[in-house]
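Chemist: Have a look at this one before I ask anything.
Just so it is clear, none of the values below were taken in a lab; they were calculated from the coordinates. Computed from a prediction, not measured in an experiment: that's the story for all the values here. Cβ sites come from the backbone with ideal geometry, for glycine too, and all protein chains shown count toward neighbours.
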Amino acid sequence: MPEYDYIVVGAGTAGCVLAARLSQHPAARVLLLEAGAAARTRAMTVPNAWPENLDSPANWADTTTPQADAGPVSYPRGRALGGSGAINAMAHVRGHRTVYDDWAAAGAAGWAFADLLPYFRRSETAAGRDPQLRGSAGPILVAPAADRHPVAEAFVAGLLAAGVPGTEDLSGARQEGVAWPDLAIADGVRVSPADGYLRPALGRPNLTVLTDCLVTGLGFSNGRCTGVSYLQHGHPAAAQTSGEVVLAAGAIGTPQLLMLSGIGPAGQLRQAGIEPLADLPEVGENLQDHPIAITSYSPAASLPVSKYNHGEACAAVRSPLAGGYPDLHLLPILLPLAPAGSEPGPAGGYALVASAVAPASRGAVRLAGPDPRRPPLIDPGFLREPEDLDRLAAGLLMIREVAAGRGFGQVRKAEVYPGPEVRGTAAIRRYIRRSVSSYYHPAGTCRMGADGTAVVDCSLRVQGVTGLRIADASVLPTLPNAHPNATVLAIAERAAELIGGPPD
C-alpha cells in the first residue's frame, strides 16, 4: 500500500490550497484524492457559462429535506478539481471583520480578523485595491466587472438613490453598502482554486493527484488515523500515511465521511449500523446556509448577456434585525430565473434577490445509511427561526421599491414573481416560505472551538483521535455574511502552515 506524509481528501477550494502548499516542501509526499473528474470544461472556464455546470457531472446534485413550505431544495456542490470553486458564480468577497473577531471571542483563539488577514492577502491578487488589506501576489486573480450589464447598473443606481451608501470594496475598509465586488475572473476566464493553486503544482514529483476516487472510509490504529480507503473508478483501493489525513471534502462531504468512519453522534451512528469510534455529537450539526428569496421581472427591451457571472453587483445592507454587521445581501441575477416550483421566468428577463447572510437558523447533515455511495440527508433548516423570514421580507421590500423606481423604467416591464397581487406583510411571508431557496453556501458542520463539544480544536485537529484534521468550510463556527470561498481560501492557507510550516 502506498504511503504518504499527507493525504488530502477532496480537491475543492481548500484541498487545492493544501495540496499546493504542502507539496512546496520537497521532502513531503502528498496525495490528493478527488471524487470528480480532472476535466476543465468550457462551463468551468467561460464565466457566463457557469450555470451549465449545474446540469453536469461536476455537480453532486444533492437535494435537501423539505424546507419551510417549499419542499426539497436543489443543493449543488462541486465534484471536480477545484470543487465548488470550479462551478460557482466566482464571487470573491470576505465576510465582515466582526464575524472573524466573534469567532475568536467565542473561543477560537488565533482566528480573529487580524490573524486571518495575512492568509487572505496571501491567497489573492487584487490589483488596484488597498494594499494594506488586499493581496498583490496571490494565486487567485480577482477584479470587479468592467463592462457592466444595464440591469446591474440600474440596480446599483437605484440603491444609491434609495440612500444605501456606496463602497469601493466589500472586502476592504468599508464592508457595507452597494458595490461592484471582486470576481475570480482574469482576462475573461475563471480563475478557480484548481487553476490558481493546483495545476501549477502538478509537475512536482512529490505530489500525487488521483481523480474519480470516492473516499469511503478512514483507517485507524490505536486511535490514530493511518490512512483512507476509496473507490477508484468503482474499484477498491487504499492509501496510508505516516503523518496526517486532512479532510477538505466540504461542509457536506466531510461530516459524512467522519460519520461513515465512526466519528460522530454515537446514537445516530449505531442507528445507521456503524460502530462508533469517537462520540462527537456535533459532527454534522450546526449546518448554516444563506437562504434567498427571488423577485423576477420581464424586460422592457432586449437585454445583452452578462459577460461576467450574471451578477456583477452586490449590496451588503442591514435589516432592522441586524447586529454588528450587515445581515442582508441584495443582488441581481441576470438570467430569467423564477422561484422553485413556479413556471419559468420571462424570456430575456432577470431576477433581483435578497439573501439573509447572518442567519439564525441551523440545520444538520446526517447519514441515510452506511453505504458511502448513498447521499446524506441535508437539512439546512431554512426559516426555522422566524427572524430569518423577517430579514428576507425586509430585503424583498427594499428590492421591490428599487425596481419600481424611475431608474428601472428602461429595463423593467413588469414584476412577474411574486407579482403585483402579492402585497402586505402576510402575503410576502407566505410567498417567501413557499419559494425559499439557497445561496449555496453551506458551512459549520464540524465546528472549530476550544470547548469540549467542538469537533476540531483551534489547530483544526479532530478531537478524540490523532493524525486527523479538517480544513474546509465545515470548521467555520459561524457562516460569514458573504460568499464563503474567499474565507475558505484563507482557512486553508493557515491550515497548510499549521500542518507543514510556512511555504518556501
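Chemist: So which residues in region 292-309 are in contact with a helix residue (DSSP H, G or I) (Cβ under 6 Å, 6 or more places away or on another chain) and either among the hydroxyl-bearing types (Ser, Thr, Tyr) or part of a strand (DSSP E or B) (or both), if there are any at all?
Modeler: Across region 292-309, the qualifying residues are ALA293, THR295, SER306, TYR308.
Chemist: Oh, and also: Please work out which residue is farthest from ASN286 (Cα to Cα), limiting yourself to region 363-378 and to residues that are of a type outside the set (Val, Ile, Thr) and buried (at least 18 other Cβ atoms within 10 Å of the Cβ).
Modeler: Narrowing region 363-378 to residues of a type outside the set (Val, Ile, Thr): 363-364, 366-377.
Then keep just the ones that are buried (at least 18 other Cβ atoms within 10 Å of the Cβ); that gives 363-364, 366-367, 372, 376.
Values: GLY363: 6, ALA364: 6, ARG366: 11, LEU367: 15, PRO372: 22, PRO376: 15 Å.
Here the answer is PRO372.
Chemist: Among the residues of region 376-407, write down those that are part of a loop (DSSP other than H, G, I, E, B) and in contact (Cβ under 8 Å) with a residue 60 or more places away in the chain. Steps first, answer last, please.
Modeler: Looking only at region 376-407, we keep the residues that are part of a loop (DSSP other than H, G, I, E, B), and these are 376, 380-385, 404-405.
Hits for region 376-407 are PRO376, PRO380, GLY381, PHE382, LEU383, GLY405.
Chemist: Could you figure out which of (1) under 19 Å from the mean Cα position of the chain (by Cα); (2) small (Gly, Ala, Ser); (3) closer than 18 Å to TYR439 by Cβ isn't true of ALA58?
Modeler: The number of the failed condition is (3).
One line per residue, one yes/no per condition, for (1) buried (at least 16 other Cβ atoms within 10 Å of the Cβ); (2) over 23 Å from the mean Cα position of the chain (by Cα); (3) of a type in the set (Ser, Thr, Tyr):
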{"residue": "GLY110", "(1), (2), (3)": "no, no, no"}
{"residue": "ARG122", "(1), (2), (3)": "yes, no, no"}
{"residue": "THR125", "(1), (2), (3)": "yes, no, yes"}
{"residue": "LEU133", "(1), (2), (3)": "yes, no, no"}
{"residue": "PRO144", "(1), (2), (3)": "yes, no, no"}
{"residue": "HIS149", "(1), (2), (3)": "yes, yes, no"}
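Chemist: Looking only at region 285-310, filter to residues that are buried (at least 19 other Cβ atoms within 10 Å of the Cβ) and of a type in the set (A, V, I, L, M, F, W, C); which one of those is farthest from PHE155 (Cα to Cα)?
Modeler: Here is the first cut: in region 285-310, the residues buried (at least 19 other Cβ atoms within 10 Å of the Cβ) are 285-297, 299, 306, 308-310.
Among the residues that remain, those that are also of a type in the set (A, V, I, L, M, F, W, C) are: 287, 292-294.
On the way: LEU287: 31, ILE292: 17, ALA293: 17, ILE294: 15 Å.
Only one residue fits best here, namely LEU287.
Chemist: Here's something else I'd like to know. Assess whether SER319 counts as being surrounded by fewer than 24 Cβ atoms within 10 Å (Cβ to Cβ), farther than 30 Å from ALA49 by Cα and hydroxyl-bearing (Ser, Thr, Tyr). Reasoning before the result, please.
Modeler: Values: surrounded by fewer than 24 Cβ atoms within 10 Å (Cβ to Cβ): yes; farther than 30 Å from ALA49 by Cα: yes; hydroxyl-bearing (Ser, Thr, Tyr): yes.
Taking the combined requirement at face value, the residue satisfies it.
Chemist: Return yes or no: is SER438 touching a residue at least 12 places away in the same chain (Cβ under 8 Å), under 21 Å from VAL357 (Cβ atoms) and not hydrophobic (A, V, I, L, M, F, W, C)?
Modeler: On the way: touching a residue at least 12 places away in the same chain (Cβ under 8 Å): yes; under 21 Å from VAL357 (Cβ atoms): yes; not hydrophobic (A, V, I, L, M, F, W, C): yes.
The answer is yes for SER438.
Chemist: Also, quick follow-up: Can you tell which of GLU168, GLU153 is charged (D, E, K, R), in a helix (DSSP H, G or I) and in contact with an Asp or Glu (Cβ under 9 Å, 6 or more places away or on another chain)? Before the answer, list the steps.
Modeler: Working: GLU168 fails: in a helix (DSSP H, G or I).
Only one candidate passes the filter, namely GLU153.
Chemist: Moving on to the next point. Residues GLU244, GLU282, GLU275: which one is of a type in the set (D, E, K, R) and farther than 27 Å from ASN485 by Cβ? Steps first, please.
Modeler: On the way: GLU244 fails: farther than 27 Å from ASN485 by Cβ; GLU282 fails: farther than 27 Å from ASN485 by Cβ.
Just one listed residue meets the conditions, GLU275.
Chemist: Restricting the search to region 230-262, which residues are crowded, with 18+ Cβ neighbours inside 10 Å and hydroxyl-bearing (Ser, Thr, Tyr)?
Modeler: Answer for region 230-262, where residues must be crowded, with 18+ Cβ neighbours inside 10 Å and hydroxyl-bearing (Ser, Thr, Tyr): TYR230, THR241, THR254, SER261.
Chemist: Taking ILE432 and the conditions (1) more than 30 Å from ALA70 (Cβ to Cβ); (2) assigned to a helix (DSSP H, G or I), which numbered condition does it fall short on, given that it satisfies the others?
Modeler: (1)
Chemist: Does region 408-423 hold any residues that are surrounded by 15 or more Cβ atoms within 10 Å (Cβ to Cβ) and not charged (D, E, K, R), and which are they?
Modeler: PHE408, VAL411, VAL416, TYR417, PRO418, VAL422, listed by residue number.
Chemist: When the residues of region 466-476 are narrowed to those that are part of a loop (DSSP other than H, G, I, E, B) and not aliphatic (A, V, I, L, M), which ends up surrounded by the most Cβ atoms within 10 Å (Cβ to Cβ)? Write out each step before concluding.
Modeler: Keep residues of region 466-476 that are part of a loop (DSSP other than H, G, I, E, B), which gives 467, 471-472, 476.
Then drop every residue that is not not aliphatic (A, V, I, L, M), which leaves 467, 472.
Numbers: GLY467: 21, ASP472: 32.
Looking at the filtered set, the residue picked out is ASP472.
Chemist: Would you confirm whether or not region 477-485 contains a residue that is closer than 30 Å to ASP390 by Cα, buried (at least 24 other Cβ atoms within 10 Å of the Cβ) and small (Gly, Ala, Ser)? Walk me through it before giving the result.
Modeler: Going residue by residue through region 477-485, those that are closer than 30 Å to ASP390 by Cα are 477-485.
Within this subset, residues satisfying the condition of being buried (at least 24 other Cβ atoms within 10 Å of the Cβ) are 479-485.
Filter once more, so that each one left must be small (Gly, Ala, Ser): 482.
Yes - at least one qualifying residue is present in region 477-485.
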